[in-house]
1. Just how far, in whole angstrom, is the stretch B:79-97 from the stretch B:141-175 if you go by their alpha carbon centroids?
2. So for the pair B:L102, B:V463, with labels modelled 7 Å out along Cα→Cβ, what separation do we get in nm?
3. Calculate one ³J(HN,Hα) per residue across the stretch B:268-275 by plugging θ = phi - 60° into the Karplus curve 6.51 cos²θ - 1.76 cosθ + 1.60, and present them in order as whole Hz with x for glycine and proline.
4. Please give the net charge around A:G101, taking every other residue with its beta carbon less than 15 angstrom from that of A:G101, where Lys and Arg add +1 and Asp and Glu add -1.
5. Looking only at other chains, what is the average number of their beta-carbon atoms within 10 angstrom of each beta-carbon in A:189-195?
6. Please report the net charge: other residues with Cβ closer than 14 Å to the Cβ of A:K59, K and R +1, D and E -1.
7. Sorting check: for A:114-125, B:134-145, B:245-256, A:169-180, which peptide has the highest mean count of neighbouring beta carbons within 10 Å, and how do the rest follow?
8. List, in order, the whole-Hz ³J(HN,Hα) value for each residue of the stretch A:38-54 obtained from phi through the Karplus relation with A = 6.51, B = -1.76, C = 1.60 and θ = phi - 60°; use x for Gly and Pro.
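Quick note: the coordinates plus some simple rules give every number you see, no bench work behind them. Fair warning: this is a prediction, and the values are worked out from it, not measured in the lab. Every residue, glycine as well, gets a Cβ built from its backbone with ideal geometry; the counts of neighbours run over all protein chains shown.
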Amino acid sequence: MHTPNRRELLGASFVAPLLGAWTGTRMSRAADDGMEAARERVRKRFLPNVPLLTQDDKKVGFYDDLVKDKIVIINFTYTRCEGVCPGITSNLVRVQRLLGGRVGRDIFMYSITLKPEEDSPRALREYAKAHSVRPGWTFLTGNSDDIELLRRKLGFTNPNPELDKDKSQHIGNLRYGNEPLCLWAACPGLAHPEWIAESVSWVDRSRVKKN
Amino acid sequence: MYFNVFGQRVSRTKYREMAAAAKNRRELIAAQLSRRDLVKMGLLTGTGYLVSKGGLSARAKSPLPLDQLASPPVTPFIEPLHIIPVKEPVQVLQPAPSVAPLPHEGRTRPHQALNVFRPKKFYKVRQHVTPSRVHPELPEQVLWGFDGMTPGPTYVARYGEPILVRNFNELPPDNGGFGLNSVTTHLHNGHTPSESDGFPCDFFELGQFYDQHYPNVLAGILSTHPGTGDIRESLSTLWYHDHRVDFTSQNTYKGLLVFYLLFNEFDTANETTGFHLPSFPEFDVPMVFADKVFDEDGRLFFDLFNIDGILGDRFMVNGKIQPFFQVHPRRYRFRWLNVGPSRFQEFFLTDLGNSSAHNLYWQIANDGNLLPKPVQVESVRIGVAERMDVIIDFSQFAGKSIYLENRLKQLDGRGPVPAPDDILPAGAGNLVMRFDVMLPAVQDQSDDPARITKFYDLPDTAVEPAVVRTFRFDRLNGEWSINGTFMDCNRTRFRVKQNTAEHWVLGNFSGDWQHPIHIHLEEHQILTRNRMPPPTVEVSRKDVTRLRQNERVELFFRFRDFTGRYPLHCHNMIHEDHAMMLRWDIEPDGDTNISP
C-alpha cells in the first residue's frame, strides 16, 4: 500500500549525512518546522475539504478522500464543453493508458465539473463511459459554491472578471501534485499525452533515477 | 498625515495596511460568508482573528488584484546592502572532468568543446539548504542556495579563460512547502555548448553532480571570426540560476541564483584601464531585485496555484528587504538584475526632500551587453531576467540620502498598467533601497560617461537571413502556447542551421499579458518594435525582449559555434512553468520552417 511517509523518511535518512553540517547549527526562531507543518500550511491555504459527489454517487471530501497522501492530476471541465475539453479529455484518456496500473493505486485523476447544475453524477457516469475512462479517474460534481471555492483556490481562474465568468474560456491546464511532499505544478491539458505522463512522473519521487 | 480610528497618528505604511484590511473586511461582509465559511476557507484562525486575505489566497472569493498582498510589516532601511562575495576556484577536480559523463554525473551528453577550449580554472559548487536572514524582524528562513548563500557567490570570469564548474545537488526532499530538489542550472546568457547550458530537461537529482563547461569565448570564434571571436559580442553581466522544467519559479524564488561577471581587455574591473569603468568590486556592485511574500508567521511564502504571475509586496536587494547602502560621493557601476518572479520594475532616483527633481544617471549596458555608448536616463525599466548596468554619480548627492524607487505601477501578474498611467509620482512607488552618500570623498579615476563616445560597435544586421520565423504567443484557455503548440522537451520545433543568420518575429496575441521573452545561446538585436526602430537603450544586443500587449517585434540572430538543444521561453517565471516555452536545436543542417 502506498505509504508516502515511509518513503519520505527513507529519503530523509538518505540525505541525513549530507545535511549534517546544517542540522548541527540549530536555528532559534527559524521558520523551519518540518514537512508535516508545511503540508498543513498548504492544505489550509489551498486544499479545502469541500464535499463533492463522484459519478458513482459517492460523497467524498476533496482533501480527506481525494488528495491527502496521494499523487493527483486535477482538471476542470464540463460534459457539454465543445472547446478545449474534447481535446483535453482525449489526452487524459491516453495519459491514463500510459500510466497504466499506477492510476488508482498511486496516481489519482480527477475531473471536476464547472456546471454542477447540468452535470449530475449520472451525466458524468455516461460521459466517462463514452470516453472509455477507467477506474482511478473520477469525475466529480457538487454544490456550486463549493466547486467555485475549489476552482479559485486551485487557481483555475482568469484575472479578467468577464473572461472568468465565461465558462467556455475556462482554464484548460492540468494541475498535478504530490500532496505529502508539497510538490505542485501544472501543464497544459492540450500538451502531448506522453509529455503529460512524463511530467506527472516527476512528482513521483519513488521513480527518480539515482546512480 | 494619517490617523487611525482612535485619532492617533500612524505611519503611511500602517495606514495603507489598515485601509487594505478594512477593504478586505468590507468585501468579505459583502460576500456574505458565514463564520463557518470563513473558517473553512482558512480566513479565520481558531482564535477568531481575520488573517490577511489578499496575498495568501488571492483567489479566495474573487479574482483580486494582487496589490492586496499583506506580508507582515517590517522596518525598512535598517540593514546594510549585502555585498555578495566572489567565488573562489579549486586547484583540481577529482575525478578529472571528461568529455563523456562520469559516474554519478547527471549529464547525458558529451562535452562538445572540452578539448577545444580546455578549462583553465575549476570550480565546485554545492546546492543545499541555506538558512538565511532576510530582515532582523523576520525569523530566519530556510532557503536553498549555492555554497550556503543566497544569492550564491559571484563567478568572476575572463574572456579567453575557459572554466569548468562541478555542480552538486545536495538539496533535500523536505521542501518546507515549495521547491523540487531536482535541478538544472543555466548560465544566462552564456555562449555555451548545449550540454552545459542548463537545458530545462537536463535536470539532475540529489546525490548527483553535473559538470558545466563554460568556454568564456566570444561568439564567432569557430565560425565568422575564427580564433578570436567577434569582440562586438562581448557580454559583461550574466546570472546563473535554476531552470528546472515546471519548477523554475519555485526553485529560483527559494534562492537558487548567482551572478556571473565577464571581464576582458576593455571591461577590465580596473578604472584606470580599458573603458575606465568603476573598479570592481569596490565601486562595481551587482544588485539583484526580487519581490516576495511572507506569511503571517514571517515565513517566505510561494503561491503554488497561481498561473498568471506572482507579485510580492516585500522588495529585496541581494537577499535582504529594503537595505541601505553607504556610498562615497563618486561614480559607481551597478549591475541590476530583476528576478521577479513576475514583476516589471522601473527604477528612478528619488530625493524625498525634493521630489520634483529629475535625477539623471547613465545606462551603460542592456542584458549584460555594453551599449554602443552610455545613454543618460531618468529611469530604467527592467523585466524579469533582464540585466541593466548603470553608472550613478553620487557626487551630486553628497551628504544626502537618495532612494532607489520602483515607480512602475503593476497590479497583477499580467504586466504593468498600460501607459500613460504606468508611472507613479515620486515617493508613491516602492522605495526599494536607500543610498546614504555619507562616506568621505575619494579619488574617482573612472571616466565620466558623458565623455565616453564608444564602447563597441554593434554587429551588422544587414545580411540576408537564412529564414524568417514567426512565433505567435497565445493563451488558450489559460494554456500558454507558441504557434498553437505546447512545450515538450522531447520535440524539437525547428532546426537552425549552424553558422547562419535568422530573423525571428515575435507576436503577442495573448491579450492582457506582457512577456519578457528569452532565447538562449546568442544575443539578438531588435530590428523593429511594431515596425518602428527600437528606443535608444534598446539599440543594443539583448537576450530578453519585453513583448507588450499586441506587440510585434522582429529580432536578428546569428547562431554560431555550438550545436544541440536550447529553449525559447517567457521569463515571467510563472508563465515559464506553465509552460510558455519551446525547444529548438542547432544542427549542421537546419530547416526553413517559418511557423514552427
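1. Going from one Cα centre to the other spans 8 Å.
2. 3.8 nm
3. Per-residue couplings from phi come out as 9, 6, 10, 6, 8, 10, x, 7 Hz.
4. On the way: positive: A:R97, A:R102, A:R105, A:R134, A:R207; negative: A:D106, A:D204.
It works out to a net charge of +3.
5. Details: counts 5, 7, 7, 6, 0, 3, 8.
Shielding by partners across A:189-195 averages 5.
6. Details: positive: A:K58; negative: A:D56, A:D57, A:D64, A:D65, A:D146.
Here the charged neighbours net out to -4.
7. Values: A:114-125: 17.6, B:134-145: 20.7, B:245-256: 27.3, A:169-180: 23.4.
Taking the mean over residues of other Cβ atoms within 10 Å, the ranking is B:245-256, A:169-180, B:134-145, A:114-125.
8. Rounded to whole hertz, the list is 5, 4, 5, 5, 5, 4, 5, 7, 10, 10, x, 8, 5, x, 10, 10, 7.
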